[in-house]
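Enquirer: Please find one structure pasted underneath; my questions will follow.
Please treat every number below as a calculation from the coordinates, not as lab data. Note that the structure is predicted; figures quoted are calculated from it, not measured.
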Amino acid sequence: TGYITLDPGFKNTGSTSSAITFLDGEKGILRYRGYPIEQLAEKASFMEVAYLLIYGELPQAHELENFHNSITKHTLVHEDMKQFFEAYPAQAHPMGILASMVCSLSTFYPESQDPNRGYEAIDLTIHRLLAKLPTLAAMSYKNAMRHPAMYPKNELGYCENFLHMMFGMPTEEYTPDPVVVDALNKLLILHADHEQNCSASTVRIVGSSQANLYASIAAGVSALWGPLHGGANQAVIEMLTKIQEDGGDLQKWVDKAKDKNDAFRLMGFGHRVYKNFDPRAKIIKKAADDVLDKLGIDDPILDIAKQLEKVALEDEYFVQRGLYPNVDFYSGIIYRALGIPTEMFTVMFALGRLPGWIAQWKEMVENGEPIGRPRQVYTGANERDYVPMSDRK
Ligand code: CMC
């Protein structure tokens, strides 16, 4: 069998060559297809960034129009899917619902299960996913609230349409605040790709077995759900709220995070690759200030977050280990300000990450990568004979 190199958590193992996202963890650099994240977050629309990630270049005006038009044609989901929502318990976590719904899409579009379908059919699946994820996410929120579901409105932009489906009511016209639309657009862009992270690697490895794209993306949603990955944005707000309710003694919580006998970690701190700073966190921290200011919101949780960052970064434990606030530390504070409920935060991350997952899957297919199949070092029992039940001790 040859010699196996062990690398738990793949800390040092490259799984692929990729031309999508460049990341330098020492210098805090993140670029999509060569474009700095700072410029994209400031100037681009989420649709443009989705196109860039998936097709490799920024779209020209007519390309963006065709892309957006095609997506808006597919925003409705099959009416039968409504019944799925009704079957979940009232407190069902929306990430559990989203993963199931995305996988269910493969049953409505069985042609997606043919690994040999052509480019056009693949594009159709890609556009369907981009179109239907916001609809499914908003449907799960409306169902949880026991409010009537709002149908998508195709004359709206991607972010406006999502906000309409989340916060609109059949009884009155809803127009989102442009500050809210801009903030959402920025957050989705910042989350859109992050090279071979846990969920992107999951999408690639599931897709490498030629499982269909819906099933591969559903696996990515499941991977993202974990609190060490995308689930951190929900965990951060829960942690900050707990600290507030506990009286706001930040040193106590920092000490708790340092205690090796305590499983508690500072949520929203640390990153596998960024050891100096997370460039997304820098942008989001500033955006949180801007958005709350513009919306006239005074959120005590933001003050706690800023103080916690200060206390932690003055502590040798965090400095020595290169533990800085990551993208999720401040994102939840903005989502809160936009009116998104805490348990939907990771769903928002999924909406943002979707083009990245699609781009990673497409690259894996186009590169003709082999099935992902890691090896192991066996540490179990040596050969032994079967013991009849009556002789077992
Ligand atoms: N609080 C306290 N200690 C920490 C933390 C933290 N948040 N993160 C890492 N450490 C310590 C860890 O205990 C270890 O200490 P030692 O060297 O004494 O054993 C050292 O720092 C290195 O940590 P690691 O767990 O070996 O690092 P990793 O690369 O395997 O994990 C991480 C990276 C992001 C999972 C981890 O930093 C973490 O659990 N952070 C909190 C959860 C979080 O915010 N996740 C979101 C990540 S960014 C968005 C995304 O990827 O979705």
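Enquirer: Quote the relative contact order of the range 232-337 in percent (integer), defining contacts as alpha-carbon pairs under 8 Å separated by 6+ residues.
Expert: Result for the range 232-337 is 44 percent.
Enquirer: Once you've got the GNM for the chain with C-alpha springs shorter than 10 Å, pick whichever of PHE264, PHE85, PHE167 has the biggest mean-square fluctuation.
Expert: Between PHE264, PHE85, PHE167, it is PHE264 that shows the largest mean-square fluctuation.
Enquirer: Taking θ = phi - 60°, what integer Hz values does the Karplus form 6.51 cos²θ - 1.76 cosθ + 1.60 yield along the range 305-314, in sequence order, with x for Gly and Pro?
Expert: The phi angles translate into 4, 5, 5, 4, 4, 5, 4, 5, 6, 8 Hz.
Enquirer: Let me ask something else. Once each part is reduced to its C-alpha centroid, what is the distance from the range 83-100 to the range 349-393 in angstrom?
Expert: 27
Enquirer: Still on this structure, please answer the following. Mind listing the long-range amide H neighbours of ILE29? Cut-off is under 5 Å, sequence gap 5 or more, other chains count too, H placed in the peptide plane at 1.01 Å from N.
Expert: ASP24
Enquirer: Is the shape of the chain best called rounded, prolate or oblate, per the rule: a/c under 1.5 gives rounded, else a/b larger than b/c gives prolate, else oblate, with a ≥ b ≥ c the square roots of the Cα gyration tensor eigenvalues?
Expert: Here the chain falls in the rounded category.
Enquirer: If you don't mind, there's one more thing I want to ask. Considering the chain as a Gaussian network with a 10 Å cut-off on Cα pairs, which listed residue, LEU133, LEU313, LEU184, attains the greatest mean-square fluctuation?
Expert: So, out of LEU133, LEU313, LEU184, the one fluctuating most is LEU313.
Enquirer: Run the numbers on the chain and let me know its relative contact order in percent, using alpha-carbon pairs under 8 Å that are six or more apart.
Expert: 23
Enquirer: Calculated from DSSP H runs of 4 or more alone, at -39500 (n - 2.57) each and per residue, what is the 222 nm mean residue ellipticity of the chain, nearest 500?
Expert: The per-residue figure over the chain is -17500 deg cm²/dmol.
Enquirer: When N counts the residues of the range 232-337, how does its alpha-carbon radius of gyration compare numerically with 2.2 N^0.38 Å, as a ratio?
Expert: 1.02
Enquirer: Here's a follow-up. Across the range 360-370, in residue order, what do the Karplus-derived ³J(HN,Hα) couplings come to in whole Hz, using 6.51 cos²θ - 1.76 cosθ + 1.60 with θ = phi - 60° and x for Gly and Pro?
Expert: My calculation for the range 360-370 gives 5, 5, 5, 5, 4, 5, 5, 6, x, 5, x Hz in order.
Enquirer: Let me ask something else. Can you classify the range 1-134 as rounded, prolate or oblate using the Cα gyration tensor, where a ≥ b ≥ c are the square roots of its eigenvalues, rounded means a/c under 1.5, and otherwise it's prolate if a/b beats b/c and oblate if not?
Expert: oblate
Enquirer: If you don't mind, another one. Say we join alpha carbon atoms closer than 10 Å with springs in a Gaussian network model of the chain; which of VAL102, VAL347, VAL221 then has the biggest fluctuation?
Expert: VAL102
Enquirer: If amide H atoms are built 1.01 Å from N in the plane of the peptide, which residues on other chains or at least 5 residues away come under 5 Å of the amide H of PHE269?
Expert: ASN326
Enquirer: Stretched out fully, how many nm does the piece from GLU65 to ARG272 gain, at 0.36 nm a residue minus the Cα gap?
Expert: 70.8 nm
Enquirer: Starting at the first residue of the range 134-146, write each ³J(HN,Hα) from the Karplus equation 6.51 cos²θ - 1.76 cosθ + 1.60 with θ = phi - 60°, in whole Hz, x for Gly and Pro.
Expert: x, 5, 5, 4, 5, 4, 5, 5, 4, 5, 4, 7, 6
Enquirer: I've got another one for you. What do you get for Rg/Rh over the range 1-52 if you use C-alpha atoms and the Kirkwood form of Rh?
Expert: 1.17
Enquirer: Rounded to whole Å, give me the distance from the Cα center of the range 288-306 to that of the range 1-74.
Expert: 30
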